[in-house]
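Down below is the structure, laid out as structure tokens.
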């Protein structure tokens, strides 16, 4: 009987999870964020160990601990989440990890569900971390396994960079035979202070070791890396990576192509040889000119895409235009239906009250960001996770008192746990003269990314009961004198009165508007019913 496994239709996210599971992953951890969320959810479905962390920094730090203990760890996040995790990322690059540490950055070119379209390939070079870039689900599977092998071989973290199109597109995947994957070592801690305590005296030689590792990885990538030359016309050669490869093959089937699977450290001599073998060498890549700049720095003559194609996702049509030097204005996309808060959403009454009171609202990242749109138009500032409180405090400190007292922070329950708590600490430690008002919109779930759990729900990733963070208890313990909990859906006038009262008194106030998300309420009740029916807790 054949032991060969049948092919499966998987998204890129699912393929990463399948590879991690097949490799005997000890733990997958992360924070939900489109387009990365489904990785851990699918890992859990497969029977792997997966958990949500309060934020991405914590996720990476937990994963570092797993890897130092000899386990295989995966930390997942969207591109802006890596900003939050950058502190441990840059330092763990110096450290020796005994197991595997793979960090997934799911970038969002075109900002399908993000506040920017940063290109996280720069993190690999800045931090000195190896990086793989798959172009479809099969490569997402294969390169996850490669990333685990690479991490263990060089005892170093590895970045796996996906993009929205790879994360969510489904292609056929042939999973490896179980006996073909090197088994994970039994977890065990071996003290290695020189390699794992980054005080300056130890970090200086560790930095030298890191650069030696990167040089070795670069040599390996030249000889054995997951890069491929597809022969074609010598008139046009295209260097590409990731999802751009798929567009290139359809837009310019006659071209010679160098597809890069490991994009840091780059196989620069392979790129040089390829460029010298064609009359015109074009680089096609989404986002920044990462490959172009690295090639030109070592004297490889390559052609960049016109600047207008720096923005948004690439597709076959846009790549054809790049190949043909077409810089005429692009057709404007057909406008879609604008997003809006759901009918019956518990956030609606909060925004109605804030608008009626003529407040200056500093908002956060989540469903409630939609309060900026009609019919509410009640959100005035929004930047990143947790910033609604801190930015508002800055405004409170410098505006004239009649304006300052109108400033209100709005933040969701999951976002509050993610990075909002330090804002409350700042508010108590450095209170503005006019006080401040924070409205936590607690809908009992992490809604915008697809109804994931968080520490304030009291349920784990797979909806099992666990310790619950009670927001009002936490806020009171931090020293906020006025803490109120209300259901603004059943008592909208009461909510508006509370906000008005808090605005008018020069004190610190936190108002928790608590009502389950309408889309999740039925499911949440079922989770609670199942828990209550258990014979013991």
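Just checking, does the range 31-50 include any residue being under 19 Å from residue 126 (Cα atoms) and within 12 Å of the chain's Cα centre (by Cα)?
Taking the range 31-50 first, the residues under 19 Å from residue 126 (Cα atoms) are none.
Within the range 31-50, none of the residues are under 19 Å from residue 126 (Cα atoms) and within 12 Å of the chain's Cα centre (by Cα).
For residue 135, are the conditions met, namely being in a loop (DSSP other than H, G, I, E, B), within 19 Å of residue 242 (Cα to Cα), in contact (Cβ under 8 Å) with a residue 12 or more places away in the chain and in contact with a strand residue (DSSP E or B) (Cβ under 9 Å, 6 or more places away or on another chain)?
So residue 135 fits the description; yes.
Quick one: count up the residues across the range 313-348 that are part of a loop (DSSP other than H, G, I, E, B) and farther than 28 Å from residue 378 by Cα.
Step one: list which residues in the range 313-348 are part of a loop (DSSP other than H, G, I, E, B), which gives 313-315, 324-346.
Filter once more, keeping what is farther than 28 Å from residue 378 by Cα: 313-315, 324-332.
Residues flagged as part of a loop (DSSP other than H, G, I, E, B) and farther than 28 Å from residue 378 by Cα within the range 313-348 amount to 12.
Residues are listed down the side, and each one gets a yes or a no for (1) touching a helix residue (DSSP H, G or I) at 6+ places or on another chain (Cβ under 6 Å); (2) within 15 Å of residue 175 (Cα to Cα); (3) in the same structural domain as residue 155 (by TED's automatic domain parsing):
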{"site": "6", "(1), (2), (3)": "no, yes, no"}
{"site": "21", "(1), (2), (3)": "yes, yes, yes"}
{"site": "28", "(1), (2), (3)": "yes, no, yes"}
{"site": "32", "(1), (2), (3)": "no, no, yes"}
{"site": "36", "(1), (2), (3)": "no, no, yes"}
{"site": "39", "(1), (2), (3)": "yes, no, yes"}
{"site": "44", "(1), (2), (3)": "no, no, yes"}
{"site": "64", "(1), (2), (3)": "yes, no, yes"}
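In the range 380-403, the qualifying residues are those that are within 24 Å of the chain's Cα centre (by Cα) and in a loop (DSSP other than H, G, I, E, B), and the one that is surrounded by the most Cβ atoms within 10 Å (Cβ to Cβ) is 385.
Filter the range 210-227 for residues that are surrounded by 12 or more Cβ atoms within 10 Å (Cβ to Cβ) and either under 23 Å from residue 304 (Cα atoms) or in contact (Cβ under 8 Å) with a residue 12 or more places away in the chain (or both) and give the result.
First, pick out the residues of the range 210-227 that are surrounded by 12 or more Cβ atoms within 10 Å (Cβ to Cβ): 210, 213-214, 216-222, 225-227.
Residues satisfying the conditions are 210, 213, 214, 216, 217, 218, 221, 222, 225, 226, 227.
Collect the residues in the range 171-186 that are surrounded by 15 or more Cβ atoms within 10 Å (Cβ to Cβ) and touching a helix residue (DSSP H, G or I) at 6+ places or on another chain (Cβ under 8 Å), keeping them in residue-number order. Result: 171, 173, 175, 176, 181. When only residues in the range 191-208 that are in contact with a helix residue (DSSP H, G or I) (Cβ under 9 Å, 6 or more places away or on another chain) and in contact (Cβ under 8 Å) with a residue 60 or more places away in the chain count, which is farthest from residue 72 (Cα to Cα)? Among residues in the range 191-208 that are in contact with a helix residue (DSSP H, G or I) (Cβ under 9 Å, 6 or more places away or on another chain) and in contact (Cβ under 8 Å) with a residue 60 or more places away in the chain, the one farthest from residue 72 (Cα to Cα) is 203.
Would you point out the residue of the range 304-323, among those that are over 22 Å from residue 253 (Cβ atoms) and in contact (Cβ under 8 Å) with a residue 60 or more places away in the chain, that is farthest from the chain's Cα centre (by Cα)? Here the answer is 311.
Give the residue, chosen from 375, 431, 422, that is out of contact with any helix residue (DSSP H, G or I) (no Cβ under 6 Å at 6 or more places or on another chain), surrounded by 15 or more Cβ atoms within 10 Å (Cβ to Cβ) and assigned by TED's automatic domain parsing to the domain that holds residue 495. Spell out the reasoning first.
Working: 375 fails: surrounded by 15 or more Cβ atoms within 10 Å (Cβ to Cβ); 422 fails: surrounded by 15 or more Cβ atoms within 10 Å (Cβ to Cβ).
Just a single option satisfies the conditions, and that option is 431.
Residues in the range 237-271 that are buried (at least 18 other Cβ atoms within 10 Å of the Cβ) and farther than 23 Å from residue 288 by Cβ: 256 alone.
Return the only residue of 417, 407, 437, 428 being closer than 25 Å to residue 41 by Cα and modelled with pLDDT of 95 or more.
On the way: 407 fails: closer than 25 Å to residue 41 by Cα; 437 fails: closer than 25 Å to residue 41 by Cα; 428 fails: closer than 25 Å to residue 41 by Cα.
That would be 417, the only listed residue that is closer than 25 Å to residue 41 by Cα and modelled with pLDDT of 95 or more.
Just wondering, is there one or more residues in the range 146-162 that are within 19 Å of residue 365 (Cβ to Cβ), surrounded by fewer than 22 Cβ atoms within 10 Å (Cβ to Cβ) and not assigned by TED's automatic domain parsing to the domain that holds residue 288? For the range 146-162, residues within 19 Å of residue 365 (Cβ to Cβ), surrounded by fewer than 22 Cβ atoms within 10 Å (Cβ to Cβ) and not assigned by TED's automatic domain parsing to the domain that holds residue 288: absent.
In this structure, residue 71 does not qualify as without any contact (Cβ under 8 Å) to a residue 40 or more places away in the chain, in contact with a strand residue (DSSP E or B) (Cβ under 8 Å, 6 or more places away or on another chain) and not assigned by TED's automatic domain parsing to the domain that holds residue 417. Among the residues of this structure, residue 459 does not count as one that is free of Cβ contacts under 8 Å to residues at least 12 places away in the same chain and either assigned by TED's automatic domain parsing to the domain that holds residue 419 or loosely packed, with under 14 Cβ neighbours inside 10 Å (or both). The combined condition, being touching a helix residue (DSSP H, G or I) at 6+ places or on another chain (Cβ under 9 Å) and part of a helix (DSSP H, G or I), is not fulfilled by residue 463.
For residues that are in a helix (DSSP H, G or I) and under 29 Å from the mean Cα position of the chain (by Cα), scanning just the range 217-242, find the one that is farthest from residue 274 (Cα to Cα).
Checked the range 217-242; the qualifying residue farthest from residue 274 (Cα to Cα) is 217.
None of 503, 524, 499, 511 is in contact (Cβ under 8 Å) with a residue 60 or more places away in the chain and within 27 Å of the chain's Cα centre (by Cα) except 524.
The values are calculated or read from the model by the stated rules, or taken from the named source; none is laboratory data. Note that the structure is predicted; figures quoted are calculated from it, not measured. Positions of Cβ are generated from backbone atoms using ideal geometry, with glycine treated the same way; all protein chains shown enter the neighbour counts.
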